[in-house]
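Q: Please see the structure below; I have some questions.
The values are calculated or read from the model by the stated rules, or taken from the named source; none is laboratory data. Being a predicted model, the structure only gives us computed values, none of them experimental. Here Cβ is always computed from backbone atoms with ideal geometry, including for glycine, and neighbour counts include all displayed protein chains. Side chains are part of the model used for accessible areas, which takes the heavy atoms of the whole protein and leaves out ligands, DNA and RNA. Shrake-Rupley method; radii C 1.70, N 1.55, O 1.52, S 1.80 Å.
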Amino acid sequence: MLLRPSDFRIRFHCWFSFPVLPKDMSRILFCILTLVSFSLSSLADERPNIILIMSDDMGYSDIGCYGGEIETPNLDAMAKDGLRFTQFYNTGRCCPTRASLLTGLYAHQAGIGHMMGDYGLPAYKGDLNRSCVTIAEALKPAGYRTYMSGKWHVTPYRGDKAGNPDTSNWPLQRGFDRFFGTIHGAGSFFDPNGLTRDNQHITPENDPDYQPEGTWYYTDAISDNAVKYIKDHAKQNSGEPFFQYVAYTAAHWPMHALPEDIAKYEGKFDGGYSPARQARINRLKAMKLLPDQWEVVPQVGNWDDVKLKEWEAACMEVYAAMVDNMDQGIGRIMQALKDTGEYDNTLVMYFQDNGGCAETFGRGKLVGPLERPEKPTLPPMGKDELQTEMIPPQSRDGYPLRRGDGVMPGPPETEIGYGRNWANVSNTPFREYKHWVHEGGIATPLVAHWPKGISSQGEDFRETGEGPLYDSPAHLIDLMATAIDLAKTEYPKEFNGKPITAVEGISLSPAFGGKALDRGKPIFFEHEGNRAVRDGKWKLVAKGVKSDWELYDMEQDRTEMNNLVDQKPEIAAKMAEQYETWAKARGIVPFGSWKKEQKKVKHVSAKPGDTFSGNSSPSVAKSVFTVSAQVSELPADGVIASQGGSNMGWALYVLDGKIHFCTRSGKSLTSASAELPKGANQDFEATVQRKKIVLKANGKKIATVDGSPLIGSHPQDPFMVGIDEGGLVGNYPQKNDFGGRVKSVEVVVK
Ligand SMILES: [Ca+2]
Ligand SMILES: [Ca+2]
């Protein structure tokens with residue numbers, strides 16, 4: 001281990017504390033001091049500081065230096081003076097990405113094979129295990145100071161209003177000297193749940209260490225605390241290197257931003273998806289990030305079909321503002337490095353945790369008022385009142401929660417996501433989104449900046465005039481190996497007496513000198529049954545546990561448009577075998593296979609407003625069953641009762657003066673229909689048999705239909721009375737609330 005400058009300081013102190021020095025002694029001491037100061041400068045720590053900056057839920061082409069229209073001058077400048085990886089990979093989702101980057105392992109090996117749920121298997125505990133070390137734990141014994149600002153999300157957040165949480169797996173217990181941020185993975189940007197300083201939950205209002213002059217905004221808070229750690233380090237620990245992890249939650253939902261940042265993008269997206277996407281394609285091509293031979297994936301959204309255009313455009317304006325604010329903060333971090341003299345010898349790497357997010361968060365049905373009331377309508381929260389909700393029911397100053405189509409995003413009490421169509425723009429030119437391991441889910445920019453350590457030219461760089469591009473595929477697992485390499489230390493075999501899983505990644509040092517990586521093994525992916533293997537130019541990939549493998553040549557077709565699995569069966573078979581071997585050795589099992597055989601729910605009685613989901617909904621899969629409903633205030637349209645959605649389920653409904661009962665199993669829809677009997681009160685009964693459906697009213701048979709009406713598997717959507725929400729079972733409108741009255745509904749499974 002290297003001698004640290006601080007070791008010398010201790011010895012200086014001893015010498016100077018001699019009370020009296022004879023004359024000869026002072027001459028000798030002068031010589032010694034000269035020698036020591038000479039060796040001090042020659043031994044001054046040459047090892048770089050390392051800062052990893054990660055953003056949340058962003059697409060490959062969002063930032064300026066990867067083709068985006070969002071203004072990111074600070075990241076662009078880092079790219080120009082540093083380098084850009086074209087094929088860096090994350091894991092496709094928040095928790096596994098964080099587990100992997102922190103530990104240098106595949107997420108399953110760190111115990112985070114999915115998210116924060118505990119499924120009983122070692123690879124799926126949902127809590128960072130002790131068979132791994134974090135980069136902070138690995139670098140600390142080598143003399144690095146360690147700081148973190150931002151989102152943790154590798155231990156379950158156990159929200160607690162009393163503020164006495166289980167801190168055993170928080171950053172300070174995993175190698176970090178100081179921490180500011182959130183334990184949970186998502187929340188308000190104006191009042192995040194699980195906000196924490198070191199080991200203490202805090203509120204934006206009661207944190208003595210950070211009270212900004214303007215509005216408290218989480219992205220700014222992450223940047224400002226990161227800056228503070230750099231400046232404090234220069235004051236208190238100068239001469240020692242540091243590792244800092246800055247994990248932004250921008251631009252994850254909810255779309256929250258500051259008005260001044262949103263104003264910059266007002267009107268920028270009024271033209272809709274196509275112009276934004278085409279401009280990105282043009283810039284990606286001009287930047288040499290999109291070769292001509294790649295076929296850009298089709299656009300998902302059709303602007304002509306968008307009813308609330310102003311609202312839809314505003315979602316992207318706020319998203320852009322969130323990214324813009326983050327870039328401003330990264331500018332302040334880079335300035336702090338300059339101000340403290342650490343700019344030249346700090347490796348800063350920026351990347352994203354997963355691709356653009358197509359989740360429907362906060363979209364659809366209106367919750368709360370469409371417009372903000374003139375004044376707060378609820379009591380304000382107290383200064384010390386902790387936020388424990390991911391979706392707070394009100395803002396701290398008392399405005400009620402508002403979400404759903406048409407609620408303009410941005411303010412603290414709104415909870416909106418930007419939706420699938422914009423996510424498709426974010427992920428230009430790639431397929432799929434966050435969750436999947438096609439390129440749209442796992443491809444991220446990686447901008448590396450290190451004046452002292454990155455060459456301006458290298459044999460495997462592609463020159464662009466705006467900073468070199470670097471094409472070797474690399475992955476989050478490589479960040480630990482890189483940190484170990486640069487810190488000139490060893491990856492531990494044991495830590496706190498426990499054996500540590502061998503690191504999976506390789507050092508990225510060759511990249512900084514412009515040399516290709518020699519990995520000698522493939523890179524693997526698994527999330528929610530989505531699987532992939534990247535080996536050289538080949539990528540084998542599949543969606544979900546049951547679907548077939550697809551094979552792509554990433555040099556010719558990184559947009560994954562031409563599946564070569566039938567043309568190259570030997571390559572596909574070999575890679576599939578590599579996947580199985582890899583997965584087995586790491587305790588990875590087919591997603592969801594841990595679910596135990598559920599107890600059958602054979603009888604459910606329900607009233608209006610009742611919802612029975614998951615294991616509490618009737619076990620109608622592959623079973624004969626009867627639905628009976630007592631209805632009054634007829635005639636009226638709408639769904640009397642439903643269970644399931646567009647893939648599996650059943651529904652009893654009135655449409656166009658007829659009573660219908662249908663079952664759906666995959667593509668097969670079986671419907672029994674009859675004229676609605678006269679009379680305001682009716683007792684309906686539908687029986688699903690193996691080969692037919694029988695529909696009765698008041699005990700009298702009114703319709704029979706032959707077919708195969710059994711439902712193939714348990715429906716995902718709940719059993720609901722008076723409505724069908726989410727996916728629709730039958731052919732009726734999305735707005736289908738029953739206009740009459742449902743007294744009761746009973747489902748009996750045979
Ligand atoms: Ca994420
Ligand atoms: Ca449904």
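Q: Out of Lys488, Lys521, Lys498, Lys493, report the one residue that is in contact with a Pro (Cβ under 8 Å, 6 or more places away or on another chain) and of a type in the set (D, E, K, R).
A: Going through Lys488, Lys521, Lys498, Lys493 in turn, the sole match is Lys493.
Q: Let me ask another. Return the pairs, sorted by first residue and then second, in which the second residue is within 13 Å of ligand 2 (Cβ to nearest atom) and among the aromatic types (Phe, Trp, Tyr), the first residue lies in region 724-747 and is in contact (Cβ under 8 Å) with a residue 60 or more places away in the chain, the beta carbons are less than 8 Å apart, and the residues are 6+ apart or on different chains.
A: Within 8 Å, the pairs are Asp724/Tyr653; Asp724/Tyr732; Val729/Trp650; Gly730/Tyr653; Tyr732/Tyr653; Asn736/Tyr653; Phe738/Tyr653; Val747/Phe719.
Q: Moving on to the next point. Enumerate the strands (runs of 3 or more DSSP E) found wholly within region 489-588, keeping only those where 1 or more residues are in contact with a Leu (Cβ under 6 Å, 6 or more places away or on another chain) and surrounded by 18 or more Cβ atoms within 10 Å (Cβ to Cβ).
A: It comes to 530-535, 538-542, 550-553.
Residue-by-condition table, conditions (1) open to solvent by less than 10 Å² (accessible area, probe 1.4 Å); (2) out of contact with any Pro (no Cβ under 9 Å at 6 or more places or on another chain); (3) among the β-branched types (Val, Ile, Thr); (4) within 21 Å of Asp57 (Cα to Cα):
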| residue | (1), (2), (3), (4) |
| --- | --- |
| Ile391 | no, no, yes, yes |
| Ser395 | yes, no, no, no |
| Tyr399 | no, no, no, no |
| Pro409 | no, no, no, yes |
| Thr428 | yes, yes, yes, yes |
| Trp436 | no, yes, no, yes |
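Q: Go through region 326-343 residue by residue and tally those that are of a type outside the set (A, V, I, L, M, F, W, C) and farther than 21 Å from His252 by Cα.
A: Going through region 326-343 one residue at a time, the tally reaches 8.
Q: Can you find a residue in region 459-473 that is open to solvent by 20 Å² or more (accessible area, probe 1.4 Å) and part of a helix (DSSP H, G or I)?
A: No.
Q: What are the pairs with Cβ atoms under 8 angstrom where one residue, in region 624-646, is more than 16 Å from ligand 2 (Cβ to nearest atom) and open to solvent by 30 Å² or more (accessible area, probe 1.4 Å) and the other, located anywhere, is of a type in the set (Gly, Ala, Ser) and part of a strand (DSSP E or B)? Sequence gap at least six, or different chains.
A: Between residues of region 624-646 that are more than 16 Å from ligand 2 (Cβ to nearest atom) and open to solvent by 30 Å² or more (accessible area, probe 1.4 Å) and residues that are of a type in the set (Gly, Ala, Ser) and part of a strand (DSSP E or B), the close pairs are Ser628/Ala686; Gln630/Ser744.
Q: Check Lys622, Lys574 and return the single one that is of a type in the set (Lys, Arg) and within 30 Å of Pro429 (Cα to Cα).
A: When all the criteria are applied, what remains is Lys574.
Q: Given region 184-295, what helices (runs of 4 or more DSSP H) lie entirely inside it while holding 2 or more residues that are within 30 Å of Met116 (Cβ to Cβ) and either open to solvent by 10 Å² or more (accessible area, probe 1.4 Å) or not aromatic (Phe, Trp, Tyr) (or both)?
A: 218-236
Q: If you don't mind, there's one more thing I want to ask. May I ask you to verify whether Arg145 is at pLDDT below 95 and either more than 26 Å from Glu415 (Cβ to Cβ) or open to solvent by 10 Å² or more (accessible area, probe 1.4 Å) (or both)?
A: No; evaluated as a whole, the condition is false for this residue.
Q: Could you tell me which numbered condition Lys338 fails, if it satisfies all but one of (1) more than 16 Å from ligand 1 (Cβ to nearest atom); (2) out of contact with any strand residue (DSSP E or B) (no Cβ under 7 Å at 6 or more places or on another chain); (3) touching a residue at least 60 places away in the same chain (Cβ under 8 Å)?
A: (3)
Q: Assess whether Glu46 counts as being open to solvent by 20 Å² or more (accessible area, probe 1.4 Å), in a loop (DSSP other than H, G, I, E, B) and either closer than 28 Å to His153 by Cα or modelled with pLDDT of 95 or more (or both).
A: No: the conditions fail for Glu46.
Q: Still on this structure: Scan region 341-373 residue by residue and report those that are of a type outside the set (Val, Ile, Thr), more than 16 Å from ligand 1 (Cβ to nearest atom) and under 30 Å from Thr482 (Cα atoms).
A: Gly341, Glu342, Tyr343, Asp344, Asn345, Leu347, Met349
Q: Now a separate question. For the structure I just gave you, tell me whether Arg741 is closer than 15 Å to Gly638 by Cβ and either surrounded by 14 or more Cβ atoms within 10 Å (Cβ to Cβ) or touching an Asp or Glu at 6+ places or on another chain (Cβ under 7 Å) (or both).
A: Spelling it out, Arg741 is indeed closer than 15 Å to Gly638 by Cβ and either surrounded by 14 or more Cβ atoms within 10 Å (Cβ to Cβ) or touching an Asp or Glu at 6+ places or on another chain (Cβ under 7 Å) (or both).
Q: Run Val348 past the list (1) open to solvent by less than 20 Å² (accessible area, probe 1.4 Å); (2) part of a helix (DSSP H, G or I); (3) of a type outside the set (Gly, Ala, Ser) and report the number of the one that doesn't hold.
A: All conditions are met except number (2).
Q: Which of (1) charged (D, E, K, R); (2) farther than 21 Å from Lys743 by Cα; (3) more than 16 Å from ligand 2 (Cβ to nearest atom) does Lys658 not meet, given it meets every other one?
A: Unmet for Lys658, out of (1) charged (D, E, K, R); (2) farther than 21 Å from Lys743 by Cα; (3) more than 16 Å from ligand 2 (Cβ to nearest atom): (2).
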